[in-house]
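Trainee: Before we start, here is the structure in question, set down as structure tokens.
No value in this document is a laboratory result; all are computed from the given coordinates. Not measured: the values here are computed from a predicted model. A quick note on method: Cβ atoms are made from the backbone with ideal geometry, for glycine too, and the neighbour counts reach across all protein chains shown.
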Amino acid sequence: METQLPRIVITGVGLAAPNADNLKTYREKLLAGISEITEIDLRYFGKAPAGICTFPETKYRKKKENKRGTRAGCLAVYCANEALADAELAIDHYKRSRIGVYVGLTEHGTVETENEVYNISKYDYNVDYWTHHHNPRTVLNNPAGEITMNLGITGPHYSIGAACAAGNASLIQGVQMMRLKEVDMALAGGISESTGSFGIFASFQAQGALGSAQDPREACRPFDTSRDGIVVSEGACIYVLERLESALARGARIYAEIVGYAMNSDARDYVLPFHERQTECMELALERAGLQPEDIDIINTHATGTKQGDIEECKAIRNLFGDAPNTYINNTKSIIGHAMGAAGVLELAGNLPAFDDNLVHPSINCQNLDPECELDNMVFDKPKQLKSVNTILNNSFGMVGINSVIIVKKYK
């Protein structure tokens, strides 16, 4: 007899986005299409549109601790504590040795390294002035480790490097570890500190993939014929994941059940996406969820505002959802920019409240839809009211050909 896998649910959400530091405000601004993308003046690079987070950085640890740690760790600690508070869950409800921390990252350490190189440039590049904190700041597990130190968690922690699919990958890791009974609760999500890195902006510009506009709030415009690239944003989102029976036993509010997921690889190119593998990734997630394309109410697209990326994803969606007349399509990056390792989890979080209000938040900044991106039921500028929302599919794809899909379902 086949053993039924434990059912895993989301019971808490903590986030920091370029337009909000909590889910309620974040949802309100997404529904209203309010972007707070601004212009930054980055050392060595100059001015560029970017998404910057404003949140109470010393709410859960002291300024001295933040100074010793990293910007990514600061975001991680804030969001982990907010997620626990949102779940109304004391950290010692579960044994601390049975809590896992899984954090998705696109990159980590470049900000710290660039800062140190700049600092020693003031001293004729004398490495005696290089900080002894650099190594622990730049190891990949840093943000996850900073969470464990702040909360006294002694279970496993690590970061998952999966380019811009990393947020979804961390959720998948959390689900798998809980189903294997390696841990009893997980803090899983993604972090981006990319706005501090000259190298990130310079690389996207060198690729011809950095978004621009006179008004920075209009720089990220997926699907539009005039789109010219990505808007780099920082951000973070951490979820509390619990087994369904444990959540019910403590009377927890349940945001959603994670019912399907998949990851695969294009195996073709360093940066160019491939719609066939994206289609296969969505198909596998649907199969694992026991759903058909027509069962999906909302698809939150990965689309970043790059021409080929938008087109390939739309081809993939068209391939699979061409006969799904009640599936609606939106995009969150048009409002908050591209939060890299946090993109998938922030975008999913912004759609979770649809299970309560039955609204599809809109994409913005698309004045002239690219014919190659045209799909039925794309939601632009204003929210779309549905009779009910029961399922959400979230796409996140990344460089070097990595694809991820998460499907969540309303718990009834």
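Trainee: Please report how far the C-alpha centroid of segment 103-172 lies from that of segment 1-43, rounded to the nearest whole angstrom.
Mentor: What the calculation gives is 22 Å, centre to centre.
Trainee: Among (i) 22.7; (ii) 21.1; (iii) 25.0, which one is Kirkwood radius over Cα pairs in Å computed from these coordinates?
Mentor: Looking at Kirkwood radius over Cα pairs in Å for this model, the match is (ii).
Trainee: Which percent, to the nearest 5, of DSSP beta bridges fully inside segment 260-409 are antiparallel?
Mentor: 65 percent
Trainee: Right, something else. Given 0.36 nm per residue, what is the gain on full extension from residue 270 to residue 95 after removing their alpha carbon distance, in nm?
Mentor: Gain in length upon complete extension: 58.8 nm.
Trainee: Same structure again: With contacts defined as alpha carbon pairs under 8 Å and 6 or more residues apart, what's the relative contact order of segment 260-409 in percent?
Mentor: 36 percent
Trainee: Please work out the C-alpha center-to-center distance from segment 311-381 to segment 208-247 and express it in whole Å.
Mentor: 11 Å
Trainee: Counting other Cβ atoms within 10 Å of each Cβ, which chymotrypsin sites (Phe, Trp or Tyr not before Pro) in segment 267-364 have at most 11 and sit in a DSSP loop?
Mentor: Sparse-neighbourhood loop chymotrypsin sites (Phe, Trp or Tyr not before Pro): 270.
Trainee: Assuming R0 = 51 Å, can you tell me the calculated FRET efficiency for the pair residue 139 and residue 288, based on Cβ-Cβ distance, to the nearest 0.05?
Mentor: Between residue 139 and residue 288 the formula returns 0.95.
Trainee: So for the chain, averaging the separation of alpha carbon pairs under 8 Å that are six or more residues apart and normalising by length, what relative contact order in percent results?
Mentor: RCO, the chain: 23 percent.
Trainee: Still on this model: With the chain treated as a Gaussian network of Cα nodes joined by springs under 10 Å, which of 36, 294, 193 yields the largest mean-square fluctuation?
Mentor: Residue with maximal mean-square fluctuation among 36, 294, 193: 294.
Trainee: Given a 10 angstrom Cα cut-off, can you work out which residue in 43, 217, 277 is the most mobile in a GNM of the chain?
Mentor: 43
Trainee: At a Förster radius of 30 Å, what calculated FRET efficiency corresponds to the Cβ-Cβ distance of residue 38 and residue 372, to the nearest 0.05?
Mentor: Computed FRET efficiency for residue 38 and residue 372: 0.45.
Trainee: Among bridges DSSP assigns within the chain, what percent are antiparallel (round to 5)?
Mentor: 65 percent
Trainee: Same structure, new question: Enumerate the calculated ³J(HN,Hα) couplings along segment 357-362 in order (Karplus 6.51 cos²θ - 1.76 cosθ + 1.60, θ = phi - 60°), each rounded to whole Hz, writing x wherever the residue is Gly or Pro.
Mentor: Going residue by residue, I get 9, 6, 10, 9, 5, x Hz, with x marking Gly and Pro.
Trainee: Return the single residue from 237, 79, 314 with maximal mean-square fluctuation; model: Gaussian network over the chain, springs between Cα atoms under 10 Å.
Mentor: 314
Trainee: Let me know the number of lysine pairs in segment 260-409 closer than 22 Å at the Cα, not counting same-chain pairs under 8 apart.
Mentor: Number of lysine pairs found: 7.
Trainee: Reachable lysines from residue 95, Cα under 21 Å, same-chain residues fewer than 8 places away excluded?
Mentor: 181
Trainee: For segment 8-249, what's the relative contact order in percent, using C-alpha pairs closer than 8 Å and at least 6 residues apart?
Mentor: 31 percent
Trainee: Between residue 215 and residue 400, what's the calculated FRET efficiency when r is the beta-carbon distance and R0 is 41 Å? Round to 0.05.
Mentor: Taking R0 as 41 Å, the efficiency between residue 215 and residue 400 is 0.80.
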